Structures are given as C-alpha cells and as structure tokens.
Amino acid sequence: MLHASRRDVEALVAWTIDEAKKRGAFGADAIYLRGGSSHLVMRDGNIEDDVTGGANALSLRTLDSAGHQGIAYGNAFDRADLLSLIEWSLSNCRNAKDDPYVALFSGASCGCECDNDALRLEDPVILSGLPRDRRLRICREMTELASSSDKRLLSVRSAAWSDGWEEAFYANSVGVAAWRRETFASCGVAVLLQEGDSVEMGGYDDESHFFSALDHAFVAERAVKKTALVLGGKPVPTGRYTLLLDPEATSSLLAIAGELFCASRIHKNRSLLKGKLGRQIASPCLSLVDDGRLPGGMGTAFFDDEGVPTRRTCLMESGKVKGFLYNIRHANEDGATSTGNASRGMASPPDVDITNLYPMPGERSQAELAGEIGRGLYVTEMMGLHTVDSASGDFSLGVKGALIADGEIASPVAETTIAGNILELLKHVVVLGNDLKFFGSVGGCSMVVEGIAVAGK
C-alpha cells in the first residue's frame, strides 16, 4: 500500500469503516499514514548511519453509543488482516471506560489541500528525491566547517542530515474525508571541545519543510560557537539576577508553558491554569499564540487528527489568559468548540497538543537588550525542564550560558541553577526581542526576566 493510488487507499479505508459498523460499531474513524525518509550520519568524517526506507500503517478507532472507544492499528492490508484489525478495535472499545463527551467530527470540510502552496508544506525538490551523494556532501561539509572553526575542537561527534515526506488520509463514518501531505528536512551537528581540563559537548540543529531553507554551514558554525560559549563555565555567585534568555532557551521554556493551556491537562488537574481563564497570569508584554495554519510551520496542517480544521488560537494576550486548546472530547466537556488541536498516535485515542506555539516578538535586537541590562546572566540552555511541576509551577533548573558585564557577553557560566515558579517567572518578563526563531514547532525570541533566584557558589 506504500505506493498505492489515493483512490485505492480511500476505498480500503471506506471498506474498513463500513465493515466496522456492520460488526457493531456506532461510529468509526481511521487514519492511514505513509511516508519515506533518508537519514545519514557521520562521526569524525566516517559514515556511522545511512538508511533509506518507507512505511505505512492504518489506525482504526471504533465508538459505541455510550462513548466507549477502542483503537487498533496495523500495517497489513489483506481483507483478513483488516477484519482482524476491526475485531481488535471493537474488543478494545467494549473494554474501555464510557465517556459521554467522545464524538466524531461532522463538519462539512476538514481542509483543502489546494492551499498547500499558501501553507508552504511541500518542497518539489524533496518530493523528487535527494541523491545520496548530496546528503553525503552536506555532512562532509558540516564536518569540515566545524573542524576548522575552532582549534579547541576534539571531535565532531555527529554531522547528520535527514529528509523525507509523509502523507495521511483521514476519514470517518459521518462523511468527513481528506488528505494532507508534507515534506521535511533537518540537519544537525554535535561537537566536543576541550581547553585545558575543561571539556564541553554541545550542538545545534535546524529543520524545515524546504531543502533550500536549511543553511548547513550556519548550523555547523553555530554548533561550535554555542559550545565554545560555555566551555570552561564556572558557577556564578548565588543571588538574584536579570536573565537574558536566548531564543532557544525561551522556546524550551514556552514549550512547557504551552502544555498548561491544553484542556486535557486542565481537566485532569495537571495544569495550574485551571480556573484562570480571563485572569492576568504574566507580564503585560507577553502574548502567546498557537497557530495550526502558520505558513511553513513544522506543526502546520490542514486538519488535526480528528479531521477538524486547524486554526490560530490566542492563548495569552498582554499576560491575560484568553483561551485553551481543545480536541472534540474536551471541548464537549467545556461546552466549547474544538480548536483543531487533536493529536493521536496510531495506537492511542485523541489527546490535545500544540501546533505552532510562539510569543509575539518585540522590537529590539538581542545586543540592544544585553546593553540595557548592564549586568546579568545570558542563558543559552536550560536542563531539567521535564521536572517542572505542571500543577504548582515550581521548578529548579540547571542553566548554562555566560555572564553579562557592561552590556557585553562575558565569562562562561555552568554548574548553576535557577529556581522559582513558572507563573512568577512569566510575571517578571520585562521585554522580548525581535529575533523570533522556531525550534521545531515552538518559537522563541530573546527574553529579559528580572529578579530570578540563581544558585551557584
């Protein structure tokens, strides 16, 4: 089925859904997913991994009238295999908990693929197939550029390139059906630097839907500069500091904050934003958006994993909570409408997730922000973000970066932690920079935060 026509795929999915209803399902939906990719990795100039392949699978969800739902998936498409898939899905449905809020999308349309050019999801260069020699040349060039850019470099631990395509067909038993397709490419470099007794490993990577949007030379140089910045880092004196987060550090922090706006977390009492709709929770200079229709975004799509059209949702405006992210089930519980943020794995029911999350940027450059700080802490990396307590917001994170002295990036910093509460941190944001950059599906820009507790020496 990997190379089957779309018409054949549509017929197979329609037969599976119809057969599930004949065998007792009240409703059903299915996602057929297929794609191909290539991946090449070099270590110190030697090929470590070189793989090209493709895969396809079908996920079937069946529902009964009480809201039980069952999921099953497989990658075999003979009628006997599909009947087995249906029986597994129905069996899982019978054994699930009832949920009166579960439902299928019955809208008139779930997106128009003719808008692909406007959303910038497909690259003809990648679809036509990149030659292996081109991947190899890129990885060699990244290795050579990294090796020659700093005499303290011990090893290029990884110079990697990936590219490929993926398309999905969604259909349900109430008549919704649509295709979506995207291409992707990514490159990354990881290096090891040494100066005296100090050794530091770091890296940088980037990704896009378009081959031409990736600057592999910049990635290699950035990987070395970012690692060199913290080489030999020392802890700073304990105290309260003004922090200047670089765009990647801001992105990492906002990825955690973005999860708090997911209605599934709120309903499970796993978000401190429960009951805070309309409340001021952050600095007036901070606004946050989730946009499933952002052109070129890595989280952009015509529709979500329930067939609902994606859209732009304002989550926070001038520090005030303006909205939450919903799939159908959690929207029904709140008497709201799905925001097109359903996300599901091939073997799991729909949950809620971000699409493209980003802050509204400011007007000044990072250099201008550093100059205004005078003295503070420039943060390029936060460690332990997975330990942030989503119910209370409390955190204690390791950070790396550099001191800011007289408005300039100065001595390297490591073995240092920051502690506090995520909402209190967001309330102390004083300005954002104009350098918005996406890291995956989460964007960040330079951000100044005052009065943060820092523990070092």
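The values are calculated or read from the model by the stated rules, or taken from the named source; none is laboratory data. The structure presented is a predicted model; accordingly, all values stated were derived computationally and were not measured. Ideal geometry is used to build each Cβ from the backbone, glycine not excepted, and the neighbour counts take in all protein chains shown. Just the protein is used for accessible areas: all its heavy atoms, side chains included, with ligands, DNA and RNA removed. Shrake-Rupley method; radii C 1.70, N 1.55, O 1.52, S 1.80 Å.
Checking THR339 against (1) closer than 27 Å to HIS209 by Cα; (2) touching a residue at least 60 places away in the same chain (Cβ under 8 Å), only one condition comes out false. Which one?
That leaves (2) as the condition not met.
Which condition does ASP29 not pass, out of (1) acidic (Asp, Glu); (2) without any contact (Cβ under 8 Å) to a residue 40 or more places away in the chain; (3) open to solvent by less than 10 Å² (accessible area, probe 1.4 Å), if it passes all the others?
Status for ASP29: all satisfied but (2).
Tell me whether region 311-318 contains one or more residues that are touching a strand residue (DSSP E or B) at 6+ places or on another chain (Cβ under 7 Å) and of a type in the set (Asp, Glu).
Within region 311-318, not a single residue is touching a strand residue (DSSP E or B) at 6+ places or on another chain (Cβ under 7 Å) and of a type in the set (Asp, Glu).
State the number of residues belonging to region 311-329 that are outside any strand (DSSP E or B), under 19 Å from ALA257 (Cα atoms) and open to solvent by less than 50 Å² (accessible area, probe 1.4 Å).
Final tally of qualifying residues: 5.
When you scan region 268-304, how many residues do you find that are within 16 Å of ASP389 (Cα to Cα) and either open to solvent by less than 50 Å² (accessible area, probe 1.4 Å) or among the hydrophobic types (A, V, I, L, M, F, W, C) (or both)?
3
Working carefully through the options ALA159, ALA146, ALA171, ALA178, find the one that is open to solvent by less than 60 Å² (accessible area, probe 1.4 Å) and in contact with a Ser or Thr (Cβ under 7 Å, 6 or more places away or on another chain).
After applying the criteria, what remains is ALA159.
Against the conditions (1) in contact with a helix residue (DSSP H, G or I) (Cβ under 7 Å, 6 or more places away or on another chain); (2) of a type outside the set (Asp, Glu); (3) under 20 Å from GLY175 (Cβ atoms), where does GLY70 fall short? Just the number, please.
Status for GLY70: all satisfied but (3).
All but one of (1) under 21 Å from ARG270 (Cα atoms); (2) open to solvent by less than 40 Å² (accessible area, probe 1.4 Å); (3) part of a strand (DSSP E or B) hold for ILE418; which doesn't?
The one condition ILE418 does not meet is (1).
Which strands (runs of 3 or more DSSP E) sit wholly inside region 1-75 and have at least 3 residues that are modelled with pLDDT of 95 or more and under 30 Å from CYS139 (Cβ atoms)?
The qualifying strands (runs of 3 or more DSSP E) are 27-43, 46-63.
So GLU372 fits all but one of (1) out of contact with any helix residue (DSSP H, G or I) (no Cβ under 9 Å at 6 or more places or on another chain); (2) assigned to a strand (DSSP E or B); (3) surrounded by fewer than 16 Cβ atoms within 10 Å (Cβ to Cβ); what number is the exception?
(2)
Would you confirm whether or not region 66-87 contains a residue that is open to solvent by 10 Å² or more (accessible area, probe 1.4 Å), over 22 Å from ALA177 (Cα atoms) and under 30 Å from the mean Cα position of the chain (by Cα)?
Scanning region 66-87 turns up at least one residue that is open to solvent by 10 Å² or more (accessible area, probe 1.4 Å), over 22 Å from ALA177 (Cα atoms) and under 30 Å from the mean Cα position of the chain (by Cα).
In region 226-240, what count of residues is obtained for those that are in contact (Cβ under 8 Å) with a residue 60 or more places away in the chain, open to solvent by less than 20 Å² (accessible area, probe 1.4 Å) and within 24 Å of the chain's Cα centre (by Cα)?
Residues meeting the conditions: 0.
Output the qualifying pairs, or none if there are none: Cβ atoms under 8 angstrom, residues six or more apart or on different chains, first residue in region 40-56 and closer than 14 Å to ASP163 by Cα, second residue open to solvent by 70 Å² or more (accessible area, probe 1.4 Å) and not in a strand (DSSP E or B).
Filtered contacts from region 40-56: LEU40/ARG132; ASP50/ARG132; THR52/ARG132.
Considering only residues that are under 16 Å from ARG265 (Cβ atoms), part of a helix (DSSP H, G or I) and of a type outside the set (Gly, Ala, Ser), which ones fall in region 330-345?
Listed by number, the residues that qualify are HIS330, GLU333, ASP334.
Name the strands (runs of 3 or more DSSP E) wholly inside region 156-270 in which the number of residues that are at pLDDT 95 or above and within 30 Å of VAL308 (Cα to Cα) is 1 or more.
Strands (runs of 3 or more DSSP E) meeting the threshold: 177-195, 198-208.
Mind listing whichever residues of region 134-161 are within 18 Å of LEU229 (Cβ to Cβ) and without any contact (Cβ under 8 Å) to a residue 60 or more places away in the chain?
LYS151, LEU154
Of the numbered conditions (1) free of Cβ contacts under 8 Å to residues at least 40 places away in the same chain; (2) closer than 30 Å to ALA405 by Cα, CYS314 satisfies every one except a single condition; which is it?
(2)
Out of everything in region 377-414 that is more than 27 Å from the chain's Cα centre (by Cα) and at pLDDT below 95, what residue ends up being surrounded by the fewest Cβ atoms within 10 Å (Cβ to Cβ)?
ASP406
For ALA223, all conditions in the list (1) open to solvent by 10 Å² or more (accessible area, probe 1.4 Å); (2) aliphatic (A, V, I, L, M); (3) touching a helix residue (DSSP H, G or I) at 6+ places or on another chain (Cβ under 7 Å) hold save one; what is the number of the exception?
The one condition ALA223 does not meet is (1).
Among the residues of region 183-195, are any in contact (Cβ under 8 Å) with a residue 60 or more places away in the chain and open to solvent by 10 Å² or more (accessible area, probe 1.4 Å)?
Yes, the conditions are met somewhere in region 183-195.
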